[in-house]
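Asker: Would you mind keeping the following structure in view while I ask a few things?
The values are calculated or read from the model by the stated rules, or taken from the named source; none is laboratory data. What you are looking at is a predicted structure, and each value in this text was computed from that prediction instead of being measured. Please note: Cβ atoms are built from the backbone with ideal geometry, for glycine as well, and neighbour counts cover all protein chains shown. For accessibility, only protein heavy atoms count, side chains too; no ligands or nucleic acids. Shrake-Rupley method; radii C 1.70, N 1.55, O 1.52, S 1.80 Å.
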4 protein chains.
Amino acid sequence: MCRFTLYLGPPVRLSTLVTEPEHSLIRQSYQAEERSEPLNGDGFGIGWYSPRLWSEPALFHQITPAWSNRSLQSIAKVVASPCIMAHVRAATPGSDVNLANCHPFGYGGYLLMHNGHVGGFRRIRRRLLESLSDEAFNVPRGSTDTEHLFAVFVDELLRGGCPVDPGASVEADGQGALELARRLSASITRVLALVEELGDGESSFLNVAVADGSRVAVCRFDTDPEEQPESLYLFHGEMYEPAGRRFLERRQDDDGEAMVVSSERLTGDPRWMAVPPNSMLVLDRHAAPRVLPMDDLGRLVDA
Amino acid sequence: MCRFTLYLGPPVRLSTLVTEPEHSLIRQSYQAEERSEPLNGDGFGIGWYSPRLWSEPALFHQITPAWSNRSLQSIAKVVASPCIMAHVRAATPGSDVNLANCHPFGYGGYLLMHNGHVGGFRRIRRRLLESLSDEAFNVPRGSTDTEHLFAVFVDELLRGGCPVDPGASVEADGQGALELARRLSASITRVLALVEELGDGESSFLNVAVADGSRVAVCRFDTDPEEQPESLYLFHGEMYEPAGRRFLERRQDDDGEAMVVSSERLTGDPRWMAVPPNSMLVLDRHAAPRVLPMDDLGRLVDA
Amino acid sequence: MCRFTLYLGPPVRLSTLVTEPEHSLIRQSYQAEERSEPLNGDGFGIGWYSPRLWSEPALFHQITPAWSNRSLQSIAKVVASPCIMAHVRAATPGSDVNLANCHPFGYGGYLLMHNGHVGGFRRIRRRLLESLSDEAFNVPRGSTDTEHLFAVFVDELLRGGCPVDPGASVEADGQGALELARRLSASITRVLALVEELGDGESSFLNVAVADGSRVAVCRFDTDPEEQPESLYLFHGEMYEPAGRRFLERRQDDDGEAMVVSSERLTGDPRWMAVPPNSMLVLDRHAAPRVLPMDDLGRLVDA
Amino acid sequence: MCRFTLYLGPPVRLSTLVTEPEHSLIRQSYQAEERSEPLNGDGFGIGWYSPRLWSEPALFHQITPAWSNRSLQSIAKVVASPCIMAHVRAATPGSDVNLANCHPFGYGGYLLMHNGHVGGFRRIRRRLLESLSDEAFNVPRGSTDTEHLFAVFVDELLRGGCPVDPGASVEADGQGALELARRLSASITRVLALVEELGDGESSFLNVAVADGSRVAVCRFDTDPEEQPESLYLFHGEMYEPAGRRFLERRQDDDGEAMVVSSERLTGDPRWMAVPPNSMLVLDRHAAPRVLPMDDLGRLVDA
């Protein structure tokens, strides 16, 4: 299953997600509370953007558990970013623990990560791959359902003429985050159509986040009418400072509110809100968060 | 803390400890039941003897969790041995997860592994090292309390004129297993004297096993009169076959009973017995197991 | 490119290939002599059969270099086998170093490893996968050309009604090794046809070995008329003992000669012979080695 | 032996040392040119300071070779720093490849890395440790000669009342870099006195660098009158931009020249100068580099 957390806002150190909060992502790697299995020890990954330095995000992947990784703890204290994605993995049985299977997955300026699984993935994999352009066909380098969903997302970007060149993608425009959300939704709908046709009736759980450095779309979704999707929370406020300290000097252009989305609440702050089931969060650095409902097929309603 | 299991008897495949039983050591790596923290994911190690091939044991150490290691699962099915030690680690806070800290530790023909901790270890470490011969002083290559206890054990072997040359150590003699037990007891007593003198009152938990290929000594011990030692069980029977299958053709000299000692019972078989608190098991391939009481200072009573 | 070595004959310890010879496979991992780049440090793998214990081979893969792996050195001394495959990898640029990309690759009772590359692999990959049965389509878990060639080999086995069940595959029959060779040749021919149709003119270098525990086929082959294939040597003699020691007691059924095939000669013994370019070695435990010529398309001549 | 490179100056991305130059540190990890063995594949480490974010440096250590580490390549592009230390390791025989043995070593706000070895280290190790304060005694967590030298350096800092608190150490003062150099020199002199007393006549090679975030001391030194020390070069100029690009916007306080010290020249730029044998470079962000001669005992002359 996995746990993840992401940040969008004025630059913060990675440690404000990964190590400092009382229920940090590292804590969730061994003591997750909102799923039956508390353990997410099959490697981790963290991606972050430093738009003033480079157009592509950094990706730090490891197959060892997050809780014992001294490099992660050290780097997290010293690196700050306005857009961060961090993930601890619980491999589904039969899925290997290796570097190619660590989230987030990256392509150009985009990142994607996932908590959940695609129902009956093995049955749809071949048809899913057949549906892709040659460029997207070569995206998967490992064996996870998530990376194959990511290939569909890349396919959607390329079909839509989206600028996958990282330099372009971080140019802000009014439709940006909504466009990301539409591409993610379309990807999910394509995958679910295959599951419906070829699957074995197993439900899909799709808490999925995508980012391009200044915009994020993230959904909380499942196809089982009798089950809740995996947990997902949004924090939204003027300042996100879990340890009550203010380390970073702000630059003039570092305004805007802080947004954190996390599988489990990182702190006891009452401002954390549950994301509604089967809905999509649309986040932009300089706008209020929007919540869009999704229908049974993963399509955005009212968008 | 950690979990461990060991085997002495007619050759069995490693998988009969590590993967096949319903509560195998791999299961204990993520779902231990007899300690409050179920997780032992900070690397693992397995040592085994193949006396017909080589006098030193094989040592396979990894810093990744046991549960996801495909090489471990594969090797365990294909390798058989009459004497096996297997360990999954839960590093104490501040102790690194790295190869030098994986159990079992080896020296010549001997192996040692441990579940527990030495109370106030950081306070006694310098004096412990000072007490060692030059040869034993160079034994520790990592930073665990266990490896320092092992250095004391090697020191005891060398002081006592024990044959540390592996070829010699596997020669059976009547006193062998008892002699191993005496050396282990003497090592514990030396360490506890330092803890008493320099420690901060923290208790020591010392479930420790040593082997030389045909003999094993293993104790269940702590210094806290108000706490039970960590759990430890003994299985002893004509045949140990957790999955009810008989894979191995026996050779004529493969008689003798099977003995398994494990932090938690590997199976539901009613023959598993709890090892009494503060006592030492003395195991020899061709004799019945003996249990010797230990006093508060770790000394063998009646031996 | 990579280096590999394999053994078929009376059981020997793994170390007789991996560590003991003066030009052991570990030495070839950092000081290969018959290719311009001496370094093969992108992980390693060793597979071996223990037919008396289990029908599938053991597979030990690591992404760290062979030369520094203490577990490899330790295990190699203590494990013996009648059929061994060992490989040190030099990843082609752009190909990841991760566990899923380590050789040898295994399926049921079969192993395959490779030194070389498929010319223009990225261009043929999609069509290669399309040509596979569903079962073979799911064989690749990583991104190497070799694992895709292995999927074609599995496809050939399944098409030909070969017993991929490991228990069956190790039953000896007169045609066994030749049948393995035919399947390997057919796989190569299929891949080369795609290279011819879709490639960019880049040559293919295919030193490939397959085994089922009692039989081996291994070819030395390339498609460039102006280049020699990668080096490959055969040792064949009554006894293979690189260090001049005889460790293993023979059982009565351990007769037959020792056969070693290696990218570079492991020792200075004058009995090492170069395998002729574009030919296939056919090895059976209880028969003399045969050499079959291959034509430009990878087909066996006179077989 | 190893190769290393360090940077002090206006912030640059890590990639300007590690990946971009034609003879980058990653290239030196497999194709070093100024030592007989081109291979430095036994893990790597990179430490960097971000004084605006945190007072301690980040430390990223891995036991896999630098050349295949995708996280290193990704992070290097996206992270910038005014003070960087990067190291690729070639373990001396018998010294383990594990995380505790990766350079640079860190303590508070200080980093140290080393290319070379302490002659007869195993003979002096016990006495070296005996000479340390309790705090410095607990510095080594691994088994390298370098980490033991680092413990002596920490001992010197503590004896001298140096502020080891990272917040304090980065406060600039006029004597800072020279004081660092004196401490390093004193540490070397202490170690060499033990080598002289207890060693076996083997020479010591000590190219050693220390940093505190705004100051660096680095020496090129050996004790063998008939051998040159390991190679070491200094680049010093207004701007260090190996790829001819200017990525980083400068802040007003980012003045000062760029200083790079490297085991091998990273580029063909004619401004690289060989550091004189047996001398110490003293580098300060806002002053010209100084070169101080060292005598046979490692003492600074004229300082």
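Asker: Among residues belonging to segment C:31-46 that are among the small types (Gly, Ala, Ser) and in contact (Cβ under 8 Å) with a residue 12 or more places away in the chain, point out the one that is nearest to residue D:27 (Cα to Cα).
Answerer: Here the residue is C:41.
Asker: Looking at segment C:223-234, I want the residues that are in contact (Cβ under 8 Å) with a residue 40 or more places away in the chain and have a partner that is of a type in the set (Val, Ile, Thr) and assigned to a loop (DSSP other than H, G, I, E, B) with Cβ atoms under 8 Å, at least 6 apart or on another chain. Which pairs are those?
Answerer: Filtered contacts from segment C:223-234: C:232/C:275; C:233/C:275; C:234/C:275.
Asker: Could I ask something else about it? Go through segment A:1-39 residue by residue and tally those that are among the small types (Gly, Ala, Ser) and either touching a Pro at 6+ places or on another chain (Cβ under 6 Å) or closer than 18 Å to residue A:74 by Cβ (or both).
Answerer: Adding up the residues that qualify gives 4.
Asker: Do we find that residue D:234 is modelled with pLDDT of 95 or more and within 21 Å of the chain's Cα centre (by Cα) in this structure?
Answerer: Yes: the conditions hold for residue D:234.
Asker: Then there is this: Restricting attention to segment A:89-128, which residues are surrounded by 20 or more Cβ atoms within 10 Å (Cβ to Cβ) and part of a helix (DSSP H, G or I)?
Answerer: Residues satisfying the conditions are A:99, A:100, A:101, A:121, A:124, A:125, A:128.
Asker: Is there any pair linking a residue in segment C:143-161 that is in contact (Cβ under 8 Å) with a residue 60 or more places away in the chain to one that is of a type in the set (Phe, Trp, Tyr) and surrounded by 22 or more Cβ atoms within 10 Å (Cβ to Cβ), with Cβ under 6 Å and at least six apart or on different chains, and which?
Answerer: Sorted first by the residue in segment C:143-161, then by its partner, the list stays empty.
Asker: A further question follows. Quick test for you: out of A:76, A:80, pick the one residue that is facing chain D (nearest Cβ under 10 Å), open to solvent by 20 Å² or more (accessible area, probe 1.4 Å) and within 20 Å of residue A:258 (Cβ to Cβ).
Answerer: Testing whether each residue is facing chain D (nearest Cβ under 10 Å), open to solvent by 20 Å² or more (accessible area, probe 1.4 Å) and within 20 Å of residue A:258 (Cβ to Cβ) leaves just A:80.
Asker: Still on this structure, please answer the following. Since residue B:66 meets every condition but one in (1) closer than 26 Å to residue B:227 by Cβ; (2) more than 10 Å from every other protein chain (Cβ to nearest Cβ), which condition does it not meet?
Answerer: Tallying (1) closer than 26 Å to residue B:227 by Cβ; (2) more than 10 Å from every other protein chain (Cβ to nearest Cβ), residue B:66 fails exactly one: (1).
Asker: Looking only at segment C:277-292, filter to residues that are part of a loop (DSSP other than H, G, I, E, B) and closer than 14 Å to residue C:208 by Cα; which one of those is least open to solvent (accessible area, probe 1.4 Å)?
Answerer: By that ranking, first place goes to C:278.
Asker: Can you find, within segment C:1-19, the residue that is nearest to residue C:102 (Cα to Cα) among those that are open to solvent by less than 20 Å² (accessible area, probe 1.4 Å) and in a loop (DSSP other than H, G, I, E, B)?
Answerer: C:2
Asker: Take the residues in segment C:20-58 that are open to solvent by less than 50 Å² (accessible area, probe 1.4 Å) and hydroxyl-bearing (Ser, Thr, Tyr); name whichever of them is nearest to the other protein chains (Cβ to nearest Cβ).
Answerer: Looking at residues that are open to solvent by less than 50 Å² (accessible area, probe 1.4 Å) and hydroxyl-bearing (Ser, Thr, Tyr), I get C:50.
Asker: May I ask you to list the residues in segment C:194-226 that are within 22 Å of the chain's Cα centre (by Cα) and hydrophobic (A, V, I, L, M, F, W, C)?
Answerer: C:195, C:205, C:206, C:208, C:209, C:210, C:211, C:216, C:217, C:218, C:219, C:221
Asker: What number of residues in segment B:129-142 are within 12 Å of chain D (Cβ to nearest Cβ) and in contact (Cβ under 8 Å) with a residue 12 or more places away in the chain?
Answerer: The total comes to 9.
Asker: Same structure, new question: Taking segment B:90-115 only, how many residues are facing another protein chain (nearest Cβ under 10 Å), touching a Gly at 6+ places or on another chain (Cβ under 6 Å) and within 17 Å of residue B:263 (Cβ to Cβ)?
Answerer: 1
Asker: When residue C:146 is evaluated against the numbered criteria (1) surrounded by fewer than 22 Cβ atoms within 10 Å (Cβ to Cβ); (2) within 21 Å of residue C:39 (Cα to Cα); (3) among the β-branched types (Val, Ile, Thr), which criterion, by number, is the only one it fails?
Answerer: (1)
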